[in-house]
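Undergrad: Let me give you the structure first, and then I'll get to my questions.
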Amino acid sequence: MFSEDKRIKMLSFTGSPLIGWKLKNTCGDKKIALELGGNAGVIIDDTVSNDVNDEKFKTMIQRLTFGSFFYAGQTCISVQKIFLHDNIYETVKSELIRECEKLNNNIGDPTDQKTLLGPLIDVGSANRIKSWIDEAVNDNANLLVGGSMINDNIIQATILENVSHNCNVWDKEIFGPVISLERFSDFETVINTANQTEFGLQTGLYTNDLKRAFYAYDNLECGGVVINDVSTTRIDSQPYGGIKKSGIGREGLKYAFEEFTEIKTLLLRDLKLN
């Protein structure tokens, strides 16, 4: 295996935590960088407008829809949880349900330009996600929209609320088109709630309060905090990576070079230049 070959000085792996941490245990003294997925949340506080005619509000709903269902949720920074302040909860919920219904009316072949929501990678993934949705509903979660399997490997865009934190759709990386909504009233408390996951890749925060933005940056346990956008945001120049079970090391142009570099020091004393 590459992880055991002495000629290879470093291993970089993107995939599941199960495989990633096994590889780390076999690497011995070689360096390793791991990007192992996430369970991303977005927090929307009470400083955000709930006027559905406001352009910023419309953009936020578009970004939440994109971040939750882009590639049918099959990205490691896909939005999986949305924490909504009591003052904005019902308005955002209604708008997201409306957007999900649009997606669910345009499900199918991703090569068809009319398709808005395509398939999962395989039938096994679809069956797993469907079983996680059913588990949550059986544990008293409210199914607001979606929840059905279309064909063998397509799951409808799905929104749940009142999800038990012990359910897989909340606790694990779902890697599919499913989001869970949760209310909050206190900002510091919701930061702590967002941290209650074994993953730590990226978190989004919508706020108009600069102090809250920096409080979130200081206290959220993740590799990246995105202010006034969704967690599903990445540019090549940023240091990209996570903490906890999301991995170790950083990607991104400069930072990937640093990961693959062994720093070597040269100290000169009493040597004249010729």
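Undergrad: Multiply the residue separation of D186 and D236 by 0.36 nm, subtract the distance between their alpha-carbon atoms, and state the gained length in nm to one decimal.
TA: Extra length from D186 to D236 when fully extended: 14.6 nm.
Undergrad: Sort K30, K264, K22 by accessible area with a 1.4 Å probe, largest first.
TA: Details: K30 30, K264 190, K22 120 Å².
Reading off the accessible areas and sorting them downward yields K264, K22, K30.
Undergrad: Report relative contact order for the chain in percent, whole number only (criteria: Cα-Cα under 8 Å, sequence separation at least 6).
TA: Reported as a whole number, the value is 21 percent.
Undergrad: How much length is gained if the chain between I19 and D139 is pulled fully straight, taking 0.36 nm per residue apart and subtracting their Cα-Cα distance, in nm to one decimal?
TA: Gain on stretching I19 to D139: 40.2 nm.
Undergrad: K254 to Q196: FRET efficiency via 1/(1 + (r/R0)^6), r the Cβ-Cβ distance, R0 35 Å, to the nearest 0.05?
TA: Values: r = 32 Å, r/R0 = 0.92.
The value I calculate is 0.60.
Undergrad: Going from most exposed to least, what order do R128, R269 have by accessible area with a 1.4 Å probe?
TA: R269, R128
Undergrad: Let me ask you something else. Just to confirm the number: angle between the C-alpha axis of helix 210-219 and the first principal axis of the chain, 0 to 90 degrees, nearest 10?
TA: Value to nearest ten degrees: 60.
Undergrad: If you count, for each residue, the other Cβ atoms within 10 Å and average over each peptide, how do 235-248, 67-80 line up from highest to lowest? Write out the running numbers ahead of the final one.
TA: On the way: 235-248: 18.7, 67-80: 23.4.
The packing order, highest mean first, is 67-80, 235-248.
Undergrad: Tell me, what ³J(HN,Hα) does each residue in the stretch 173-186 have, in order and in whole Hz, if you take phi through Karplus 6.51 cos²θ - 1.76 cosθ + 1.60 with θ = phi - 60° and put x for Gly and Pro?
TA: 7, 7, 6, x, x, 9, 10, 10, 9, 9, 7, 8, 10, 10
Undergrad: Express in Å², to the nearest 10, the accessible area of E99 obtained by rolling a 1.4 Å probe over the protein heavy atoms while all chains stay in place.
TA: Estimated to the nearest 10 Å², E99 gives 40 Å².
Undergrad: Exceeding 27 Å between C-alpha atoms, which entries from my cross-link table qualify? They are K58/K114; K93/K244; K9/K272.
TA: Among K58/K114; K93/K244; K9/K272, the Cα-Cα distance tops 27 Å for K93/K244; K9/K272.
Undergrad: Could you work out how far apart the two model spin labels at T111 and D54 are, taking each label as a point 7 Å from the Cα in the direction of the beta carbon, and quote it in nm?
TA: Going from the T111 label point to the D54 one covers 4.4 nm.
Undergrad: With each label point set 7 Å from Cα along the Cα-Cβ vector, what nm distance links I8 and N208?
TA: Going by the 7 Å Cα→Cβ label model, 5.2 nm.
Undergrad: Still on this structure, I have one more. Just order 42-50, 5-13 by mean Cβ neighbour count inside 10 Å, highest at the front, would you?
TA: 42-50, 5-13
Undergrad: Tell me, what is the 1.4 Å probe accessible area of L267, in Å² to the nearest 10?
TA: 150
Undergrad: Based on DSSP, what percent of beta bridges with both residues in the chain are antiparallel, to the nearest 5? Mind dumping the intermediate values first?
TA: Values: 10 of 38 bridges.
Once the DSSP bridges in the chain are tallied, antiparallel ones form about 25 percent.
Undergrad: Next question. Against the globular-protein guess of 2.2 N^0.38 Å, express the Cα radius of gyration of the chain as a ratio, rounded to two decimals.
TA: 1.14
Undergrad: Show which aspartates and glutamates lie in cross-link reach of K30 when reach means a straight Cα distance below 20 angstrom and same-chain residues fewer than eight apart are skipped.
TA: By straight Cα distance, K30 reaches E4, D5, E251, E258, E259, E262.
Undergrad: Can you tell me the mean projection area, over all orientations, of the convex hull of the stretch 161-274's alpha carbons? Units nm², please.
TA: Dividing the Cα hull surface by four gives the mean projection, 11.6 nm².
The values are calculated or read from the model by the stated rules, or taken from the named source; none is laboratory data. Remember, predicted model here, so these are calculated numbers, not experimental data. Quick reminder, even Gly has a Cβ in these numbers, built from the backbone with ideal geometry, and neighbours come from all protein chains shown. Protein only, heavy atoms only, side chains kept; ligands, DNA and RNA dropped before computing areas. Shrake-Rupley method; radii C 1.70, N 1.55, O 1.52, S 1.80 Å.
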